[in-house]
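*Asks:* Below are the structure tokens for one structure; questions will follow.
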Amino acid sequence: MTGESGSAREAPGPAYCGWDDAELASVAKIFSPDAFNVAFVHGGQEWSRTTTPEQERLYRELLHHGADLVLGAHPHMLQGMEAADGKLIAYSLGNFLFPGMEGTPGGEDSIILRLGIYDGKIRYVQSFPVRLRGRMVRRASSEEARRELLEQIRAVNAEPKSSTEGWQKLAREAL
């Protein structure tokens with residue numbers, strides 16, 4: 001795999017692998033048409049709520065090559081979701097278990113997703129806003145905190161990432 005890894009840098013940056021067609025085809029061999037296939041990607045721009053074009057291309061290509069669900073991590077921030085044809089991309093779920101984020105705006109915010117899967121397709125998505133407190137993850141305790149986190153997710157999802165209307169439908173319904 002080619003690309004730049006944020007872990008080798010001293011400054012925040014992308015942890016992204018620019019996969020070529022051969023590498024994507026090799027990943028596709030792992031996915032089974034008889035299973036629900038999940039790809040977990042450590043990538044994207046650190047400390048950004050905005051996805052990168054490379055990140056979007058790779059995650060969409062993973063769907064095209066057989067993934068049913070693509071979950072992202074690395075940015076330390078919540079990023080948007082896209083849905084199409086019963087498949088879902090969650091670009092970044094934020095921080096879940098990453099102590100030391102106190103005082104970092106958005107660094108303690110995350111979501112837990114509950115998916116209803118039937119006949120190989122995602123039928124529903126529920127989002128549960130959570131906050132990291134030291135070494136503990138707690139569901140947002142007040143209605144105001146839950147609303148605030150869900151508004152952050154909605155704001156990130158507000159920009160269309162595709163001209164295909166279905167990409168946004170499932171994600172919006174989940175919220």
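*Asks:* Select from the stretch 37-78 the residues that are of a type in the set (D, E, K, R) and under 13 Å from Leu93 (Cα atoms) and write down the one among them that is nearest to the chain's Cα centre (by Cα). Spell out the reasoning first.
*Replies:* In the first step, residues of the stretch 37-78 are kept if they are of a type in the set (D, E, K, R); the result is 46, 49, 54, 56-57, 60-61, 68.
Filter again for under 13 Å from Leu93 (Cα atoms), leaving 46, 49.
Numbers: Glu46: 13, Arg49: 11 Å.
That would be Arg49.
*Asks:* Within the stretch 41-51, restricting attention to residues that are at pLDDT below 90 and part of a strand (DSSP E or B), which residue is farthest from Arg123 (Cα to Cα)?
*Replies:* Gln45
*Asks:* Would a scan of the stretch 27-37 turn up a residue that is at pLDDT 90 or above and either crowded, with 20+ Cβ neighbours inside 10 Å or part of a strand (DSSP E or B) (or both)? Steps first, answer last, please.
*Replies:* Step one: of the stretch 27-37, the residues at pLDDT 90 or above are 29-37.
Still in the list and also either crowded, with 20+ Cβ neighbours inside 10 Å or part of a strand (DSSP E or B) (or both): 37.
The answer is yes, given that some residue of the stretch 27-37 is at pLDDT 90 or above and either crowded, with 20+ Cβ neighbours inside 10 Å or part of a strand (DSSP E or B) (or both).
*Asks:* Where the second residue is in a strand (DSSP E or B) and modelled with pLDDT under 90 and the first is at positive phi and lies in the stretch 102-128, which pairs have Cβ atoms under 9 Å and are six or more apart or on separate chains?
*Replies:* Filtered contacts from the stretch 102-128: Gly106/Leu78; Gly106/Gly94.
*Asks:* Evaluate the stretch 82-89: report whether one residue or more is within 30 Å of Asp34 (Cα to Cα) and either in a loop (DSSP other than H, G, I, E, B) or modelled with pLDDT under 75 (or both). Give the steps one after another, and end with the answer.
*Replies:* Applying the first criterion (within 30 Å of Asp34 (Cα to Cα)) to the stretch 82-89 yields 82-89.
When the remaining residues are screened for being either in a loop (DSSP other than H, G, I, E, B) or modelled with pLDDT under 75 (or both), the result is 85-86.
Yes: the stretch 82-89 contains one or more residues that are within 30 Å of Asp34 (Cα to Cα) and either in a loop (DSSP other than H, G, I, E, B) or modelled with pLDDT under 75 (or both).
*Asks:* Somewhere in the stretch 52-71, is a residue surrounded by 19 or more Cβ atoms within 10 Å (Cβ to Cβ) and at pLDDT below 90?
*Replies:* No, that holds for no residue.
The values are calculated or read from the model by the stated rules, or taken from the named source; none is laboratory data. Note that this is a predicted model, so its numbers are computed, not measured. Quick reminder, even Gly has a Cβ in these numbers, built from the backbone with ideal geometry, and neighbours come from all protein chains shown.
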